[in-house]
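Input: a single structure, listed below in structure tokens.
Here, each number is a calculation from the coordinates, and none is a lab measurement. It should be emphasised that the depicted structure is a prediction, and the values quoted were computed from it without experimental measurement. Note that we place each Cβ from the backbone using ideal geometry, even for glycine, and neighbour counts take in every protein chain shown.
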Amino acid sequence: MGRPFARALLLCAAIMWSPALAQVPDIRGGQIPTLAPVVKETTPSVVNISVHARVKEDNPLYRDPVFREFFDLPKQLEKEVQATGSGVIVDAERGYVLTANHVVAQISKAQVTTKDGRKFDAKLVGRDPATDIAVLQLQGSKGNLKAIPLSDSDRIEVGDFVIAIGNPFGLGQTVTSGIVSALGRTGLGKQGYEDFIQTDASINPGNSGGALVNLKGQLIGINTAIISPGGGGNVGIGFAVPINMARRVMEQLVQYGEVRRGQIGISIRELGSDLAAKEGYQGALIGEVAGGSPAEKAGLQKGDVVKAVDGIPIRSAAQLRNLIGLTRLGGRVELRIERNGTVHSASVEVGPAKAPLRRTADQ
């Protein structure tokens with residue numbers, strides 16, 4: 001049995017099981033599964049974004065020493081460029097659209113087009129390069145907008161079926177399907193706070209900022225990047241920012257216009273090989289605790305293993321850094337830690353970021 005046929009069988013089984021989907025008659029009077037119901041429900045919430053931006057590039061004449069000597073040449077030139085991307089309506093009443101930061105970086109103006117062809121000027125509410133998330137707000141009459149429901153991305157699992165919706169290559173709204181291939185992807189060098197969902201649903205240039213949706217029609221991620229050797233299109237490895245992370249960023253962007261990150265005064269690293277080798281053992285190891293920090297005041301110690309934050313199990317140091325780094329300044333995080341085989345709880349206030357403790361992940 002070939003891989004495409006096996007995958008089709010698995011997808012059909014998932015579709016028939018899901019209460020959010022339906023079956024339609026085939027030409028012989030039987031029933032065949034279809035993704036159409038969930039597609040019809042979610043695509044009105046996904047928009048195309050046309051962006052005008054001013055970017056700087058090196059002046060080619062500046063490289064010539066003769067031109068530099070006799071002419072007053074700027075080292076860089078500024079020019080207006082136009083690009084397209086995707087976005088997702090997450091608040092119909094206030095007109096908020098989630099998208100990828102790199103879609104709207106250096107924005108001078110943006111226009112959003114809904115699936116039914118309506119066009120809106122959009123104001124940049126705020127953007128966060130560290131997570132590659134930005135928020136736009138539609139201007140003018142916003143009647144009959146449809147917001148997509150948000151899922152709990154901490155509950156998704158590898159193997160879950162997903163749908164990617166966006167505007168690849170400027171073609172217009174396009175839907176692809178696949179599965180969650182991996183979770184917690186980091187170290188891609190794209191952003192400072194990484195916890196990507198990996199999927200084989202086709203994501204291409206122009207899909208950035210679009211929706212990654214589960215079979216219940218809920219938003220689980222914002223599509224942001226692909227691995228594409230040679231700069232071509234999709235090769236089956238795409239990435240999305242989990243919606244729980246994007247939601248935390250959005251809340252701060254709406255309130256402050258920026259993300260105000262803090263720390264609790266610890267350096268963190270991955271578990272040592274002896275702990276990591278234990279079957280099912282997960283967490284992040286505290287390497288150092290800064291004197292006078294919120295962590296010290298809460299009783300945290302070097303060598304503690306952080307097992308959970310606000311009830312969310314910790315699987316890596318990067319995940320712990322993300323959760324603390326996206327907590328509002330002055331907020332509190334509830335930690336479950338293990339020390340010498342005994343589990344303790346600690347409530348820690350998130351304070352202003354200070355100088356790093358060591359060359360490790362610092363929180």
Please give the length that would be gained between K278 and D121 if that part of the chain were fully extended, namely 0.36 nm times their separation in residues minus their C-alpha to C-alpha distance (nm, one decimal). 51.1 nm
Sorted by Cβ density within 10 Å, fewest first, the residues D91, D154: D154, D91
Across region 289-348, what fraction of all alpha-carbon pairs, as a whole percent, falls in each successive 5 Å bin from zero upward? 4, 19, 29, 32, 14, 2, 0
When the dipole is taken about the Cα centre of region 80-164, and only Lys, Arg (+1) and Asp, Glu (-1) are charged at their Cβ, what size is it in debye, to the nearest 20? 500
Here are some pairs, K40/K109; K278/K307; K216/K307; K123/K216; K40/K216; K40/K115; which of them have Cα atoms lying more than 20 Å apart in this structure? K40/K109; K216/K307; K123/K216
Virtual paramagnetic centre 7 Å along Cα→Cβ of H52, amide N under 11 Å, in region 84-124: 108-111
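With r defined as the distance between the Cβ atoms of S141 and H344 and R0 fixed at 51 Å, what FRET efficiency is calculated, to the nearest 0.05?
Values: r = 54 Å, r/R0 = 1.07.
Efficiency at R0 = 51 Å is approximately 0.40.
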Determine the gain in length on full extension of the stretch Q111-K216; use 0.36 nm per residue of separation and subtract their C-alpha separation, reporting nm with one decimal. 34.9 nm
What FRET efficiency comes out for the pair Q255/K297, r = Cβ-Cβ distance, R0 = 30 Å, nearest 0.05? 0.70
